[in-house]
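Just so it is clear, none of the values below were taken in a lab; they were calculated from the coordinates. These figures come from a predicted structure and were not determined experimentally. Every residue, glycine among them, receives a Cβ derived from its backbone with ideal geometry; neighbour counts consider all protein chains shown.
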Amino acid sequence: MKIVYQGKEFELEDHSNGFAAAKIVDPEKKNKALAYKVGEKIFDMNSEIPDGSEISFVMGEDKDGFEMLNHSCSHLMAQAIKHLYPNALFGFGPAIEEGFYYDVDFGDATVTDADFPKIEAEMKKISKEAIPFKRKEISMDEALEVFKDNHYKVEHIKELEGPISLYEQGDFIDLCRGPHVPNTSYLKHFKLLSIAGAYWRGDSKNKQLTRIYATCWPTEEALKNYLDILERRKANDHRRLGKELGIFMLSDYGPGLPFFLPNGMIIKNELMKYWREIHIAEGYKEVETPTMLSRELWETSGHWDHYKENMYTTKVDDKDFAIKPMNCPGALLVYKNSLHSYKDLPLRIAEFGHVHRHEASGALNGLFRVRGFTQDDSHILLRRDQIGDEVKRIMSIFDRMYQVFGLSYYIVLSTRPDDYIGEKSFWDESERILAEACKDSGHEYKINPGDGAFYGPKLDFKLRDSMGRVWQCGTIQLDVNLPHRFGCTYIDQNGEKVEPVMLHRVVFGSVERFIGILIEHYGGAFPTWLAPVQCKVLPVNAQAHGAYASEVVKALEAAGVRVKLDDDNEKLGYRLRNAQVEKVPFTLVIGEKEVQNRAVTYRIYGQKDQVSVPLEEFVALICKSIADKARY
RNA sequence: GCCGCCUUGGCUCAAUGGCAGAGCAAUCGCUUCGUAAGCGAUAGGUUGCAGGUUCAAGUCCCGCAGGCGGCACCA
């Protein structure tokens, strides 16, 4: 049987035992397809494709091919587990972004990652046997009979319709939609990664199963590349780097409550300084509202009823108080402190608000998920006719600020949920305005239907870091609820009181979390403007070159550079190494030549080149690096 | 909160149930040095906390706390 790929004809190589598929060997590239794809459809191993069909290879780098490979591998893993633990029952085992998992009920057996080599060995054994994946379709009743010993699968089957498809590989059979690779020999380059508990059907009321995460790649090289990325992510872990670089610490006395150390404080202050510059220029007015306010306020806002489990409360003179989990109510009190004309709007109230939320203990994670953090918050009160322009204005701020960090992003628009408040027509109109702003911004955007808050639709900004991970930071949320609850008004052209709407928006989200993301994104090597120490000065010999080195330090200090003299009694190589370990952007070496020429020799972090320039030239250079917020 | 694992000097880690150790960092000397670790000495510990088993516990058991991997949560 012949098929066509990129205009060339190929003979299907492996066309045995009723399988239409699926080994195609390109004699030139030696590429092996794992399956084939005609148009958008991935053909099942079992189905017939028309002779001469135009196909495209489905390889690991192809998203669909990767998914199929990993899905098949999850069956392979389940089969191996069944061999080793005959009583194991299986839940769901799908492919995911970077691999796959399977949820397993091991009964009384305890399985840890120490058992991984054993399972992997069994998987390798089955892989070598090249057992074909065979598809079968049976009726619902038959399916219930086949899986009668596994109540998880039974529960799942009962929710399905029509004939049920199964895949069988040797002594293992699983409920599955497919498609799969032709046989187990296609699954060679896999690794079990981690183990964790996961609720059956994702519901915390249900029993927890043991989830095993793993990954499978088309070649050994691809697997190795992926494992290298995992290593890199681990090496750049902000919890480790944050400790090594003296950025923050955590204490058992306050789980989830980070301490910022001097180096971290420099980064935090620089971020806040930059944020203020931008926002003041954009007409935002900065305020500060109290950390703790009385119960009545939180009742007015609705938090007391809907968010109490996450709030820290206390009594003051027998009255209930709560530590703020959000800044909105405070901002609205500021708004209500004076009368507002329609001409004053939009009124942009900005605040670095330090909020506290009682997050579940198991959710805490370094700076990523904490119980006390600083929101770079703003509440914008505006007229309904101003929403579109204001959203675009906010998005231009986001654009400028994210670009400085080299973070690209895409947007998610969340629309009206079932339990919404306000008029439907206003929701429709607002959603249209937000969608239009997305289109105008030139950024990719997705719609998440029904995921808006009850009080309004929102835009979430998902940032992609240097290691391919996605973080949600910025958000713009429209709110018709709080201005109403607080009885906010402005006076319109006719002298009538009208209720404004509100936009909640953050750029960083949580300053702490954003710093965590930046630590990992930069691998701890901050651009000059954020680096706690921007320049280190190393005299070759403290006696002979110390005086001039001090002069260099003074000149840099005078120019506002965070500079440190290292004249420790150590060899130059040792001090230079320290400067690199500390990831200092610029390291200066001052020796005889430099003293003679009133010059400096500098070296940029991570580079081996040394450049000699006159002192004044270097001062100008580093100042420009700082001002430009450039990497170096 | 749930499941599993982990916790030994400031940091990274070692120690068949049998005398708690190393490297880095620190301190003090020696060395005065041109691009990633010079040499030596000193100091540093109630092995997370609290119980239990044992002649003997860092090691085994129970509880708690904190952390890690996920899940759930993130009006």
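Can you tell me, using C-alpha contacts under 8 Å and at least 6 residues apart, the relative contact order of the stretch A:299-372 as a whole percent? Show your work: numbers first, answer last.
Details: 53 pairs, mean separation 22.6, N = 74.
This gives 31 percent for the stretch A:299-372.
Neighbouring Cβ atoms within 10 Å as the yardstick, rank A:485, A:369 fewest first. Mind dumping the intermediate values first?
Working: A:485 15, A:369 18.
Lowest to highest Cβ neighbour count: A:485, A:369.
Around residue A:587, with a cut-off of 11 angstrom between Cβ atoms, what is the net charge of the other residues, counting Lys and Arg +1 and Asp and Glu -1? Could you put the intermediate results ahead of the total?
Numbers: positive: A:536, A:564, A:575, A:577, A:583, A:603; negative: A:566, A:582.
Computed value for this residue: +4.
Can you list the cysteines of chain A that have no other Cys Cβ under 4.7 Å away?
Lone cysteines by the Cβ rule: A:176, A:328, A:438, A:473, A:488, A:535, A:623.
Quick one: what does P(r) look like for the stretch A:483-632 with 5 Å bins over all Cα pairs, in whole %?
Histogramming the stretch A:483-632 at 5 Å steps yields 2, 9, 16, 17, 14, 9, 5, 4, 4, 4, 4, 4, 4, 3, 2, 0 percent.
What is the total of Lys pairs in the stretch A:535-627 with C-alpha atoms under 17 Å apart, excluding same-chain pairs fewer than 8 positions apart?
Details: A:536/A:554; A:536/A:564; A:536/A:571; A:536/A:583; A:536/A:608; A:554/A:564; A:564/A:583; A:583/A:608.
The result is 8.
For residue A:209, which sequence-distant residues (separation of 5 or more, or a different chain) have an amide H within less than 5 Å of its own amide H, given hydrogens modelled in the peptide plane?
For residue A:209, whose amide H was placed from the backbone, the distant partners under 5 Å are A:198, A:199, A:200.
Expressed as cubic angstrom per residue, what is the convex hull volume of the alpha carbon set of the stretch A:423-525?
On the way: hull volume 15.4 nm³, N = 103.
Taking the convex hull of the Cα positions in the stretch A:423-525, it is 150 Å³ per residue.
For Cα pairs less than 8 Å apart in space and 6+ apart in sequence, what is the mean separation divided by the residue count of chain A, i.e. the relative contact order in percent? Walk me through the numbers before you get to the answer.
Values: 1156 pairs, mean separation 53.8, N = 632.
About 9 percent, as a whole number.
Out of the stretch A:140-227, which trypsin sites (Lys or Arg not before Pro) are coil in DSSP terms and have no more than 15 other C-beta atoms within 10 Å? Show your work: numbers first, answer last.
Values: sites: A:148, A:153, A:158, A:177, A:188, A:191, A:201, A:205, A:207, A:211, A:224; in loops: A:148, A:177, A:188, A:205, A:207.
Answer in residue order: A:148, A:177, A:205, A:207.
On C-alpha positions alone, give me the angle between the axis of helix A:262-281 and the longest principal axis of chain A, in degrees, nearest 10.
Rounded to the nearest ten degrees, it is 80.
Please give the FRET efficiency for residue A:307 paired with residue A:154, using the beta carbon to beta carbon distance and R0 = 35 Å, rounded to the nearest 0.05.
Numbers: r = 39 Å, r/R0 = 1.11.
Efficiency computed from Cβ-Cβ geometry: 0.35.
Just from its helices, what would the mean residue ellipticity at 222 nm be for chain A, if runs of 4 or more DSSP H residues each count -39500 (n - 2.57) and the sum is divided by every residue, rounded to the nearest 500 deg cm²/dmol? Don't skip to the end; give the middle numbers.
Working: 18 runs with 210 residues, N = 632.
After summing the helix terms and dividing by residue count, I get -10000 deg cm²/dmol.
First measure r as the distance between the Cβ atoms of residue A:400 and residue A:110, then evaluate 1/(1 + (r/R0)^6) with R0 = 51 Å and state the FRET efficiency to the nearest 0.05.
On the way: r = 53 Å, r/R0 = 1.03.
After rounding, the FRET efficiency stands at 0.45.
Tell me, what HN-Hα J-couplings in whole Hz come from the Karplus equation 6.51 cos²θ - 1.76 cosθ + 1.60 at θ = phi - 60° for each residue of the stretch A:337-353, using x for Gly and Pro?
5, 9, 7, 10, 8, 4, 6, 7, 8, x, 9, 9, 9, 10, 7, 7, x
Full extension from residue A:220 to residue A:196: what is 0.36 nm times the residue separation minus their Cα-Cα distance, to one decimal in nm?
Details: separation 24, 0.36 × 24 = 8.64 nm, distance 2.58 nm.
My answer for the length gained is 6.1 nm.
Mind checking the log10 I(q)/I(0) for the stretch A:63-234 at q = 0.10, 0.15, 0.16 Å⁻¹? Debye, one equal scatterer per Cα, no solvent, two decimals.
Ignoring solvent entirely, the Cα scatterers give -0.36, -0.84, -0.96.
Rounded, prolate or oblate: pick one for the stretch A:327-467, where a ≥ b ≥ c are the square roots of the eigenvalues of its C-alpha gyration tensor, a/c under 1.5 means rounded, and failing that, prolate if a/b is larger than b/c, else oblate. The partial results should precede the final answer.
Details: a/c = 1.37, a/b = 1.13, b/c = 1.22.
In terms of gyration-tensor shape, rounded.
Ranked by Cβ crowding within 10 angstrom, fewest neighbours first, how are A:73, A:623 ordered?
Numbers: A:73 29, A:623 15.
Least crowded to most crowded, the residues run A:623, A:73.
So if I take the centroid of the Cα atoms in the stretch A:287-342 and the same for the stretch A:551-568, what is the distance between those two points in Å?
46
Roughly how many nanometres apart are two label points built 7 Å out from the Cα toward the Cβ at residue A:443 and residue A:231?
Simple spin-label model gives 3.4 nm for this pair.
What is the sum of charges, Lys and Arg at +1 and Asp and Glu at -1, for the other residues whose Cβ falls under 10 Å from the Cβ of residue A:374?
Numbers: positive: A:268, A:513; negative: A:351, A:376, A:377, A:512.
For residues surrounding residue A:374, the net value is -2.
Explain nothing, just the number: relative contact order of the stretch A:547-632, from Cα pairs under 8 Å at least 6 residues apart, as a whole percent. Don't jump to the answer; show the numbers that get you there.
On the way: 76 pairs, mean separation 19.1, N = 86.
So the answer I get is 22 percent.
Taking R0 as 45 Å, what's the FRET efficiency between residue A:203 and residue A:612 from their Cβ-Cβ distance, rounded to 0.05? List each step's numbers first, then the result.
Values: r = 66 Å, r/R0 = 1.47.
So the FRET efficiency works out to roughly 0.10.
Per 0.36 nm of contour for each residue apart, how much would the distance between residue A:543 and residue A:472 grow if the chain were fully extended, relative to their Cα-Cα spacing?
Working: separation 71, 0.36 × 71 = 25.56 nm, distance 5.27 nm.
Once the chain is fully extended between residue A:543 and residue A:472, it gains 20.3 nm.
For a quick check: sort A:200, A:298 by the number of other beta carbons within 10 angstrom, fewest at the front. Please report the intermediate quantities before stating the final value.
On the way: A:200 17, A:298 24.
The fewest-first ordering by Cβ neighbours comes to A:200, A:298.
Pulled fully out, how much extra length does the chain show between residue A:281 and residue A:128, if you take 0.36 nm times their separation in residues and subtract their Cα-Cα distance? Mind showing how you got there, number by number?
Numbers: separation 153, 0.36 × 153 = 55.08 nm, distance 6.58 nm.
Full-extension gain reported as 48.5 nm.
Take the alpha carbon atoms of the stretch A:433-466, find their center, do the same for the stretch A:207-264, and report the distance between the two centers in whole angstrom.
For the stretch A:433-466 versus the stretch A:207-264, the Cα centre distance is 28 Å.
Output ³J(HN,Hα) for the stretch A:295-301: one whole-Hz value per residue in order, computed from phi by the Karplus curve 6.51 cos²θ - 1.76 cosθ + 1.60 with θ = phi - 60°, and x for Gly and Pro.
My calculation for the stretch A:295-301 gives 3, 4, 4, 6, 6, 4, 6 Hz in order.
Give me the distance between the Cα centres of the stretch A:118-147 and the stretch A:581-601, rounded to whole Å.
Here the two parts' Cα centres lie 66 Å apart.
Is chain A rounded, prolate or oblate when judged by the Cα gyration tensor, a ≥ b ≥ c being the square roots of its eigenvalues, rounded requiring a/c under 1.5 and prolate requiring a/b larger than b/c? List each step's numbers first, then the result.
Working: a/c = 1.99, a/b = 1.29, b/c = 1.54.
Since a/c reaches 1.5 but b/c is at least a/b, the shape of chain A is classed as oblate.
Go from 0 up to the bin containing the longest alpha carbon distance in the stretch A:184-309, width 5 Å each, and give me the % of pairs per bin.
Bin by bin from 0 Å, the calculated values are 2, 7, 7, 8, 10, 13, 15, 12, 10, 7, 4, 2, 1, 0.
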